[in-house]
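Taking it in order: structure first as structure tokens, then the write-up.
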Amino acid sequence: MVRRGRECSVAEALEVVGERWSLLALREIMLGERRFNQIAENTGASRDILAARLRKLVDAGVLEKVQYESHPPRHEYHPTEAGRALQPILLGLMAWGDRYVHQGEPPTLWRHACGEVLVPVTVCAHCGDPVDAPGTRAIRLGAVRA
């Protein structure tokens, strides 16, 4: 398949996790739900769509299936290293939704290891300063494919 547009890691990442039900399934797994029925109930996804999204996440190495029962075979979904690396992304998306979309108090709060309510902030690994739009600029762009 030939892709058009700019070569971009954002586009490539969205190919793996960019569907609504994929992100909501990941949310549930990050909240500790591991079993298909509970993920389906908490996301509202139809069973066939959720099964397809979970299969795609497993195939992409974001999740792994772990058998917890043999008769009949039943599996749980656990995040891999790649899946766990998505937690800050999901927390950032949640914070954005809390601030710009959701009306009222945030529906979900997380507690950080320090004991305080988590307020996710993206910082520069070099200097530790928060990342914001005016303080960043691209220094290399992916090529535009025709």
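The values are calculated or read from the model by the stated rules, or taken from the named source; none is laboratory data. Being a predicted model, the structure only gives us computed values, none of them experimental. For neighbour counting, all protein chains shown are included, and Cβ atoms are generated from backbone atoms with ideal geometry for every residue, glycine included. Accessible surface is based on the protein model in full, side chains and every heavy atom, while ligands, DNA and RNA are left aside. Shrake-Rupley method; radii C 1.70, N 1.55, O 1.52, S 1.80 Å.
Compared with the direct C-alpha span, the chain from Asp48 to Thr80 gains 9.2 nm at full extension, assuming 0.36 nm per residue.
Annotation: amide H of Leu118 within the under-5 Å range of Trp110, Arg111, His112, sequence separation 5 or more or interchain, hydrogens built in the peptide plane.
Given the Cα-Cα distance of Lys65 and Leu23 and 0.36 nm per residue of separation, how much length would full extension add, in nm?
Numbers: separation 42, 0.36 × 42 = 15.12 nm, distance 1.71 nm.
Gain on stretching Lys65 to Leu23: 13.4 nm.
Label sites at Thr122 and Arg4, each approximated as a point 7 angstrom past Cα along Cα to Cβ, lie 2.8 nm apart. For the chain, the solvent-accessible area with a 1.4 angstrom probe is 74 square angstrom per residue.
For the range 15-146, compute the orientation-averaged projected area of the C-alpha convex hull (one quarter of its surface), in nm².
Working: hull surface 48.3 nm².
Value for the range 15-146: 12.1 nm².
Can you tally the net charge around Arg47? Count Lys and Arg as +1, Asp and Glu as -1, for every other residue whose Cβ sits under 12 Å from the Cβ of Arg47. Once positives and negatives cancel, what remains is -1.
Given His126, Cys114, Ala138, which one lies farthest toward the positive end of the charge dipole of the chain, if we put +1 on the Cβ of every Lys and Arg and -1 on the Cβ of every Asp and Glu? It is Ala138, whose Cα lies furthest towards the positive end. State the percentage of accessible surface on the chain attributable to carbon and sulfur atoms; use a 1.4 Å probe and exclude ligands, DNA and RNA. Answer for the chain: carbon and sulfur cover 54 percent of the accessible area.
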